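In what follows, a structure is listed as structure tokens, so that the remarks can point back to it.
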Amino acid sequence: GSIFKHFTNKHGLLNAILKPLIDSLLPDVLHEFSRKTLLTSYPSLQEFVNTIIKDRIQFIKKNILVVKIFLSEILYDSSIRNDLFKAFPKEFIEDLNNEISQMKERKILVDWPNDQIVRFLAANLAGYVVQHYIYFPKQQWDEDAEVEHLIDFIVKGLTPDKS
């Protein structure tokens, strides 16, 4: 009862927990990700996608409980969704856009708008994560093979036509 005097309801309590994660932890995680993966010039699209996908899957596996909470909340709560997207550091977005633009200039990535490329990557990764770690976490998967198929699928989809 004393918790609800301070937070009014369960939603208020959840927001009090998620807000610091969004405001401080998310930017730190994205800065680390940027330094580790986006400030590298990749010789091939395969190497870029391989690095990004494997890195994010490892991160998600380590933080699956928090990921589950965020996923459930961003689907239904527009204020949390808006806070989450506002918390993305400008430097991270710039680093990601720079890497994508450089690969497009080198003709190893399709010449689509950067936001579409990011959505394509994110949607495929999210589909994999939801299926493997949220909907069917106890099912036996050949994770190495499935990750390689996911990477191959994304690379084929983002490789420019040679014709």
Q | Residues located in the stretch 63-96, provided they are under 14 Å from F33 (Cα atoms) and open to solvent by less than 60 Å² (accessible area, probe 1.4 Å) | A | P89, F92, D95, L96
Q. Taking only pairs six or more apart or across chains, which ones have beta-carbon atoms under 6 Å, a first residue in the stretch 93-104 that is within 12 Å of S44 (Cα to Cα), and a second residue that is open to solvent by less than 50 Å² (accessible area, probe 1.4 Å) and not in a helix (DSSP H, G or I)?
A. M103/L109
Q) Would you call I100 in a helix (DSSP H, G or I), touching a helix residue (DSSP H, G or I) at 6+ places or on another chain (Cβ under 7 Å) and open to solvent by less than 70 Å² (accessible area, probe 1.4 Å)? A) yes
Q: Search the stretch 58-71 for residues that are free of Cβ contacts under 8 Å to residues at least 40 places away in the same chain and pair each with any residue that is open to solvent by less than 70 Å² (accessible area, probe 1.4 Å) and assigned to a helix (DSSP H, G or I) when their beta-carbon atoms are under 9 Å apart and the residues are at least 6 apart or on different chains.
A: F59/V29; F59/F33; F59/V67; N63/V29
Q | Matching residues, the stretch 1-25, being part of a helix (DSSP H, G or I) and either of a type in the set (V, I, T) or modelled with pLDDT of 80 or more (or both) | A | I3, I17, I22, L25
Q) Checking F59 against (1) part of a helix (DSSP H, G or I); (2) closer than 24 Å to P160 by Cβ, which single condition isn't satisfied? A) (2)
Q: Would you be able to say whether some residue in the stretch 104-113 is touching a Leu at 6+ places or on another chain (Cβ under 8 Å), modelled with pLDDT under 90, open to solvent by less than 30 Å² (accessible area, probe 1.4 Å) and not in a helix (DSSP H, G or I)?
A: no
Q. For the stretch 123-141, which residues satisfy the criterion of being loosely packed, with under 12 Cβ neighbours inside 10 Å and part of a helix (DSSP H, G or I)?
A. A123, G127, Y135
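Quick one: is D144 open to solvent by 60 Å² or more (accessible area, probe 1.4 Å) and without any contact (Cβ under 8 Å) to a residue 12 or more places away in the chain?
Judged against the criteria, D144 is a match.
Give the residue that is surrounded by the fewest Cβ atoms within 10 Å (Cβ to Cβ), with candidates limited to residues of the stretch 147-163 that are at pLDDT below 95 and over 11 Å from V110 (Cβ atoms).
Only one residue fits best here, namely S163.
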Q | Residue satisfying condition, being surrounded by 18 or more Cβ atoms within 10 Å (Cβ to Cβ) and farther than 20 Å from D115 by Cα, within set I60, I53, I17 | A | I60
Q: Could you give me the residue pairs with C-beta distances under 7 Å whose first residue belongs to the stretch 13-35 and is under 17 Å from I74 (Cα atoms), whose second residue is loosely packed, with under 14 Cβ neighbours inside 10 Å wherever it lies, and which are 6+ apart or on separate chains?
A: L13/I3
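The values are calculated or read from the model by the stated rules, or taken from the named source; none is laboratory data. In this text the structure is predicted, and so the values were computed from the model without any measurement. Cβ: placed from backbone, ideal geometry, glycine included. Neighbour counts: every protein chain shown. Areas reflect the complete protein model, heavy atoms only, side chains present, ligands, DNA and RNA absent. Shrake-Rupley method; radii C 1.70, N 1.55, O 1.52, S 1.80 Å.
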